[in-house]
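The values are calculated or read from the model by the stated rules, or taken from the named source; none is laboratory data. All values reported here derive from a predicted model rather than from experimental measurement. Reconstructed Cβ throughout: ideal geometry from the backbone, glycine too, with neighbour counts over all protein chains shown. What goes into the accessible areas is simple: the full protein's heavy atoms, side chains included, and nothing from ligands, DNA or RNA. Shrake-Rupley method; radii C 1.70, N 1.55, O 1.52, S 1.80 Å.
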Amino acid sequence: MTMIKYILQLCFFTLAITSIPACSLLEIGKQSTQLERLPSVSGTIELNNDNKPIYVMLLKQSSIELEVINQVMVNDKGEYNFNVLPDNYTIMAYVDDNKNAKKETNERFSFYGGEEENGGRNIPVKSGEHIKLEIFAVNDELIDLGESQISDHSYEYQRNIGKVISLDSPIFAVENAKLGLWKPITFLSTIGGGLFMLQDFEVGKTPIIFVHGILGNPTEFSKMIESVDREKYQPWVYYYPTGVQLDLISDYLLTSLNQLQNEYGFTNINLITHSMGGLMSRSFLMQHEQENSNFDVSFYMTINSPLYGMKSARAGVNSSPIIIPSWRDLATGSDFIKKVHNWHVPQEVNYHLVFSYLEGEEGDGVVPMNSQLSLSLQQEADNIYGFPSQHAEILHNEAFIKLFNKLLIADSTSLIK
């Protein structure tokens, strides 16, 4: 099957736009513009001397209370960042004494730019603005929050960090994956996505994070997940709207893992990525290395990933009347691709590169070989494996799954040594 037919089948780029009703096109265009001009609020918290984790809350004033919209744990430099929709916000920081990522009544806190009884300074944020706030510190003494009421109305994707779920959940429906590509803001407000566990956390078992690609969802990894040794590993799945910029997707993944590491104390993860998820994961690993997170990535696998981008995405960016933000990153020669390839996977990360090919095709029927596999990527990877399989079908290929588990065993043995 030709590349163009696959593009049509997957609703990737320009030709897919023409089949969408006009009313939906207007909403898709609106959401794409919002994401392209997504504002942010960032700043720095003065770190305390007791090395306890500090969280920053993004709040919004309703008629009677402050609503928690989102929260992040500051990094090792005390820095935080929120990507937001245009609105008026308040910032509050607290010391998470019991490491449960929740503001308790007996935990110290401070609002940005105001007395606690006044609820802090109002921060108006406009489209396209990137606001950097002045540094501030959390009060050293425990104070009473007074009459202010704070309620948790946080985004679904924030509440879903570490939530236990089944792969049979209806949120993983194909219709929702399509929503995540075409209307990612609607996806975030209704479905949420997030970093999910498939069972309660168990100490001593290594988390394996499975990351899907464009228009994908975690159920695509069902055969691989079923094959994993549950005595040694606990599979987690990352579910995200694939129309969003890839840096935002990697930001959330790192934020989620840092929060869960703070709560559960794991020291190592394995990262398994397919298709566009593999391209995004380079950004994640870059950030992970820069922030000195308290967990290592020892085992890393990209599967049939467009690591050097897609010419079809470039064509879509150049000619489509509506451009989905992730297309810009996925396009051959994009700034995102240049950035992630000016960085190299650290030597301590055991990197396995998996590619596929089909007879009579450029590659696996979706991603061409020169994007899956180039000289620089061959030099980066510890091992390279090829399979005669279609782009998505490889995730159910018995020979591949057998190899996957063999590599996991070898990696765990080397860690023990």
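Looking only at residues in region 259-276 that are crowded, with 21+ Cβ neighbours inside 10 Å and polar (S, T, N, Q), the one that is farthest from Val354 (Cα to Cα) is Gln259. The set of residues in region 338-382 that are open to solvent by 10 Å² or more (accessible area, probe 1.4 Å), assigned to a helix (DSSP H, G or I) and under 30 Å from Glu36 (Cβ atoms) comprises Lys338, Lys339, His341, Asn370, Ser376. Taken together, Lys52, Lys102, Lys77 contain a single residue that is among the basic types (Lys, Arg), assigned to a loop (DSSP other than H, G, I, E, B) and farther than 26 Å from Leu248 by Cβ, which is Lys52. Pairs meeting the criteria (first residue in region 311-327 and under 18 Å from Gly278 (Cα atoms) and open to solvent by less than 20 Å² (accessible area, probe 1.4 Å), second residue in a helix (DSSP H, G or I) and not hydrophobic (A, V, I, L, M, F, W, C), beta carbons under 6 Å, at least 6 apart or on different chains) are Pro325/Glu36; Trp327/Gly316. Scanning region 328-340 for residues that are without any contact (Cβ under 8 Å) to a residue 24 or more places away in the chain and under 17 Å from the mean Cα position of the chain (by Cα) yields a count of 0. For beta carbons closer than 6 Å, sequence separation of 6+ or different chains, a first residue in region 159-181 that is free of Cβ contacts under 8 Å to residues at least 60 places away in the same chain and in a helix (DSSP H, G or I) and a second that is among the basic types (Lys, Arg) and surrounded by fewer than 13 Cβ atoms within 10 Å (Cβ to Cβ), there are no qualifying pairs.
Tallying residues that are in a loop (DSSP other than H, G, I, E, B) and surrounded by fewer than 13 Cβ atoms within 10 Å (Cβ to Cβ) within region 383-417 yields 2. If the condition is being exposed (fewer than 15 other Cβ atoms within 10 Å of the Cβ) and touching a helix residue (DSSP H, G or I) at 6+ places or on another chain (Cβ under 9 Å), then region 34-82 contributes Glu36, Asp76, Lys77.
The set of residues in region 1-29 being in contact with a helix residue (DSSP H, G or I) (Cβ under 9 Å, 6 or more places away or on another chain), modelled with pLDDT of 50 or more and either of a type in the set (Lys, Arg) or part of a loop (DSSP other than H, G, I, E, B) (or both) consists of Ile20 alone.
Contact map, region 45-73: residues that are closer than 20 Å to Ile123 by Cα paired with residues that are in a strand (DSSP E or B) and among the basic types (Lys, Arg), Cβ distance under 7 Å, separation 6+ or inter-chain. Pairs shown: Glu67/Lys60; Ile69/Lys60.
Could you list all residues from region 222-253 that are part of a helix (DSSP H, G or I) and out of contact with any Ser or Thr (no Cβ under 7 Å at 6 or more places or on another chain)?
Answer for region 222-253, where residues must be part of a helix (DSSP H, G or I) and out of contact with any Ser or Thr (no Cβ under 7 Å at 6 or more places or on another chain): Ser222, Lys223, Met224, Ile225, Glu226, Ser227, Leu248, Ile249, Asp251, Tyr252, Leu253.
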